[in-house]
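Structure first, commentary second.
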Amino acid sequence: MNKLTSIEEFQQLKSNGKHIFMFSADWCPDCRVIEPVLPEIEDKFKEFTFIYVDRDQFIDLCADLGIFGIPSFVAFADGKELGRFVSKDRKTKEEIENFIKGL
C-alpha cells in the first residue's frame, strides 16, 4: 500500500481513477489488527488503488473529511466519493470487504 505524501497528491488521486484511502496511525492498536489482512484485500479488489493516509501527518485533511476515528476508509472514483467506512470501532476483514463490495 502506497503512503500519501501530500495534500496535492490526495487531490490528484481522488480526482483520477478509483482509490480507497485508509486513514490510520502507527500508534493505533485497532489499525495494527487489520494490517496483516490488508494485502489480501488489495489483491481481491484490484480495481482500486489503496492509499495509506497517516492521520497525524494529515490531521487537517481528516478534519475536512470528517474522519475522527481510525482505522477508516474513504473511496473515490474520478473525483466522486463512492462511500466511506468511518468509525472509531475496530474493523474486521469481512466488514472491510463488505464495504468495498457495496461501493
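Short version: ³J(HN,Hα) in whole Hz for each residue of segment 81-93, in order, from phi by Karplus 6.51 cos²θ - 1.76 cosθ + 1.60 (θ = phi - 60°), x for Gly and Pro, what are they?
Result, ordered by residue: 6, 8, x, 8, 10, 10, 6, 8, 7, 5, 10, 9, 4 Hz.
May I have the count of lysine pairs in the chain with C-alpha atoms under 22 Å apart, counting pairs 8 or more residues apart or located on different chains?
For the chain, qualifying lysine pairs total 29.
Can you give the charge dipole size of segment 2-94 about its Cα centre, rounded to the nearest 20 debye, using +1 on the beta carbon of Lys and Arg and -1 on the beta carbon of Asp and Glu? Don't skip to the answer; put the middle values down first.
Working: 13 positive and 17 negative charges, 54 e Å.
Result for segment 2-94 is approximately 260 debye, rounded to the nearest 20.
Lone cysteines in the chain, going by a 4.7 Å Cβ-Cβ cut-off?
CYS62
Each residue of segment 34-39 in order: what ³J(HN,Hα) in whole Hz does its phi give by Karplus 6.51 cos²θ - 1.76 cosθ + 1.60, θ = phi - 60°, with x for Gly and Pro?
Whole-Hz 3J(HN,Hα) from phi for segment 34-39: 8, 3, x, 8, 4, x.
At 0.36 nm per residue, minus the direct Cα-Cα distance, what do LYS101 and ASN2 gain on full extension? Give it in nm, one decimal, please.
Contour length minus the Cα-Cα distance gives 33.5 nm.
Could you please rank MET1, MET22, placing first whichever residue has the fewest other Cβ atoms within 10 Å of its Cβ?
Working: MET1 14, MET22 22.
Taking fewest neighbouring Cβ atoms as first place, the list is MET1, MET22.
Compute the relative contact order of the chain as a whole-number percentage, counting only Cα pairs closer than 8 Å that sit 6 or more residues apart in sequence. Before the final figure, lay out each step's value.
Numbers: 165 pairs, mean separation 35.6, N = 103.
Dividing the mean separation by the residue count of the chain yields 35 percent.
Amide H of SER72: which non-local residues (sequence gap of 5 or more, or other chain) have their own amide H closer than 5 Å, using H built in the peptide plane?
Those qualifying (amide H under 5 Å, at least 5 residues apart or on another chain) are PHE23.
Specify which labelled value, from (i) 24, 16, 12; (ii) 38, 21, 9; (iii) 18, 17, 12, agrees with semi-axes √(5λ) of the Cα gyration tensor in Å derived from the coordinates of the model shown.
Here the calculated entry is (iii).
Sticking with the crude label model, points 7 Å out along Cα→Cβ, report the distance from THR49 to ARG32 in nm, one decimal please.
For the pair THR49/ARG32, the computed spacing is 3.0 nm.
In deg cm²/dmol and to the nearest 500, what is the mean residue ellipticity at 222 nm of the chain if only DSSP H runs of at least 4 residues count, each as -39500 (n - 2.57), divided by the residue total? Walk me through the intermediate numbers first.
Values: 5 runs with 38 residues, N = 103.
Value at 222 nm, helices only: -9500 deg cm²/dmol.
Just so you know, all these numbers are worked out from the coordinates, no wet-lab data involved. In this text the structure is predicted, and so the values were computed from the model without any measurement. Glycine gets a Cβ as well: all are built from the backbone with ideal geometry, and neighbour counts include every protein chain shown.
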